[in-house]
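Just below is one structure, and these are the notes that go with it.
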Amino acid sequence: VILGVIVGSLAAGFIDLHLRIGHFFKKCTVPPLLKPVLGGLMVGVIGIAFPQVFGNGYPFMQTVLHGHGVWYLLGALVLMKMVATSITLGSGLPGGLFAPALYMGAVIGGTFGKLAQLFFPHSVAMPGAYALVGMGAFLSAATHAPMTGIFLLFEMTGSYQVIIPIMLACVIGTMICHHFK
């Protein structure tokens with residue numbers, strides 16, 4: 001439930017950031033053919049410090065789903081991927097939102113799981129489980145489609161044990177995001 005609230009709030013922030021950066025590039029007086037160059041340069045600067053934001057992020061998602069990574073790096077990657085994705089799409093570079101939404105959700109869930117494990121080491125699930133739930137919850141919240149996230153994660157896991165946490169996080173995250181956006 002707490003992860004759903006966090007994911008919903010961050011998804012609303014991502015939507016807002018995405019719209020603001022898109023508006024910035026529309027108002028930018030740079031010639032239209034140079035906007036993708038400017039966007040690529042900006043994402044490249046982010047990628048120097050955080051190379052995990054490049055591409056679709058599937059290899060790094062795999063790492064997070066296995067419970068690896070430190071919470072502060074994962075937390076920074078959430079924000080950096082939000083900014084990099086928004087710059088990429090806002091500047092006119094090719095890309096989509098599906099893979100980045102899964103990436104951001106996995107990293108949010110992984111961060112939450114690492115912090116939960118840090119504070120409650122004997123009473124919480126492994127961080128990878130939170131990363132899995134975060135994937136579906138962020139996708140659900142950002143697209144306002146909770147059933148999509150629920151079905152996607154159930155198909156990925158095939159486990160009835162995870163269906164209740166997925167349903168709660170997806171529905172709550174979508175409600176929170178819908179409230180703000």
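Key figures
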{"quantity": "Residue match in the range 76-87 (condition: assigned to a helix (DSSP H, G or I), open to solvent by 50 Å² or more (accessible area, probe 1.4 Å) and either among the hydroxyl-bearing types (S, T, Y) or farther than 12 Å from F14 by Cα (or both))", "calculated": "no"}
{"quantity": "Some residue of the range 12-27 being touching a Gly at 6+ places or on another chain (Cβ under 6 Å) and modelled with pLDDT under 90", "calculated": "no"}
{"quantity": "Qualifying residues in the range 132-169 (those that are among the aromatic types (F, W, Y) and either open to solvent by less than 50 Å² (accessible area, probe 1.4 Å) or part of a helix (DSSP H, G or I) (or both)) - the one modelled with the highest pLDDT", "calculated": "F138"}
{"quantity": "Residue satisfying condition, being hydrophobic (A, V, I, L, M, F, W, C), at pLDDT 95 or above and surrounded by fewer than 19 Cβ atoms within 10 Å (Cβ to Cβ), within set M126, M175", "calculated": "M175"}
{"quantity": "Set I2, I6: member being buried (at least 17 other Cβ atoms within 10 Å of the Cβ), within 27 Å of H179 (Cβ to Cβ) and in contact (Cβ under 8 Å) with a residue 12 or more places away in the chain", "calculated": "I6"}
{"quantity": "Given (1) part of a helix (DSSP H, G or I); (2) surrounded by 15 or more Cβ atoms within 10 Å (Cβ to Cβ), index of the condition Y72 fails", "calculated": "(2)"}
{"quantity": "Unmet criterion (only one of (1) outside any helix (DSSP H, G or I); (2) crowded, with 22+ Cβ neighbours inside 10 Å) for G95", "calculated": "(2)"}
{"quantity": "Flag if S86 is touching a residue at least 12 places away in the same chain (Cβ under 8 Å), under 19 Å from G55 (Cα atoms), touching a His at 6+ places or on another chain (Cβ under 8 Å) and among the hydroxyl-bearing types (S, T, Y)", "calculated": "yes"}
{"quantity": "Tabulated pairs, the range 24-43, first among the basic types (K, R), second open to solvent by less than 30 Å² (accessible area, probe 1.4 Å) and in a helix (DSSP H, G or I), C-beta under 7 angstrom, 6+ apart or interchain", "calculated": "K35/F25"}
{"quantity": "Hits in the range 14-69 - residues which are open to solvent by 70 Å² or more (accessible area, probe 1.4 Å), farther than 22 Å from A99 by Cβ and among the basic types (K, R)", "calculated": "K26, K27"}
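The values are calculated or read from the model by the stated rules, or taken from the named source; none is laboratory data. In this text, all values refer to a predicted model and were calculated from it rather than measured experimentally. Please note: Cβ atoms are built from the backbone with ideal geometry, for glycine as well, and neighbour counts cover all protein chains shown. Only protein heavy atoms, including side chains, enter the accessible area calculation; ligands, DNA and RNA are left aside. Shrake-Rupley method; radii C 1.70, N 1.55, O 1.52, S 1.80 Å.
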